[in-house]
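The values are calculated or read from the model by the stated rules, or taken from the named source; none is laboratory data. Please read these numbers as outputs of a predicted model, since none were measured by experiment. Positions of Cβ are generated from backbone atoms using ideal geometry, with glycine treated the same way; all protein chains shown enter the neighbour counts.
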Amino acid sequence: MATTGGGKKDQQPRPVRRKTESEIRELSAPHRPAPYELADAMAIKALFEGTATSDQQTRALGWIIEKAADTHGLAYRPGGIEGQRATDFASGKSYVGMQIIKMVKIPKSRLK
């Protein structure tokens with residue numbers, strides 16, 4: 001085999017294995033835990049304890065709306081009855097995020 005200037009042997013790229021439809025469906029399942037970073041978890045904890053800084057409050061609500069509720073994501077999931085259940089679950093998550101956004105955006109004068 002030929003070597004390059006760095007002394008490494010030229011290697012053929014490995015073929016990429018495509019995920020199956022069921023693997024893709026499982027990875028995008030709405031019931032899976034939302035991804036988070038340590039700072040997200042700490043912000044949620046501080047918000048719950050009533051000790052969150054302004055930045056932590058913003059981060060916590062941002063994580064809830066964008067990641068946990070997937071408010072702006074597409075709720076539809078294909079796949080017959082299984083897809084319908086996943087769609088219903090995703091719609092419920094999204095609804096929670098929409099309610100939070102509504103309460104944040106509604107003028108104080110309209111609150112009862």
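Annotations for the structure displayed:
- Whichever residue in region 20-41 is outside any loop (DSSP other than H, G, I, E, B) and either at pLDDT 75 or above or in contact with a strand residue (DSSP E or B) (Cβ under 8 Å, 6 or more places away or on another chain) (or both) and, among such residues, is nearest to residue 58 (Cα to Cα): 40
- Matching entry among 109, 94 (being part of a helix (DSSP H, G or I) and either at pLDDT below 95 or in contact with a His (Cβ under 6 Å, 6 or more places away or on another chain) (or both)): 109
- Matching option when the condition is of a type in the set (A, V, I, L, M, F, W, C) and in contact (Cβ under 8 Å) with a residue 12 or more places away in the chain, among 81, 24, 44: 44
- Those residues of region 52-85 which are assigned to a loop (DSSP other than H, G, I, E, B) and either touching an Asp or Glu at 6+ places or on another chain (Cβ under 8 Å) or within 23 Å of residue 25 (Cα to Cα) (or both), in sequence order: 69, 70, 71, 72, 73, 74, 75, 76, 77, 78, 79
- Flag for residue 40 being more than 30 Å from residue 20 (Cα to Cα), surrounded by fewer than 12 Cβ atoms within 10 Å (Cβ to Cβ) and among the acidic types (Asp, Glu): no
- Qualifying residue in region 59-74 (condition: of a type outside the set (Asp, Glu) and loosely packed, with under 12 Cβ neighbours inside 10 Å): yes
- Residue check for residue 89: surrounded by fewer than 13 Cβ atoms within 10 Å (Cβ to Cβ) and either under 23 Å from residue 29 (Cβ atoms) or free of Cβ contacts under 8 Å to residues at least 40 places away in the same chain (or both): no
- If you check 92, 80, 62 for being out of contact with any helix residue (DSSP H, G or I) (no Cβ under 7 Å at 6 or more places or on another chain) and at positive phi, only one passes: 80.
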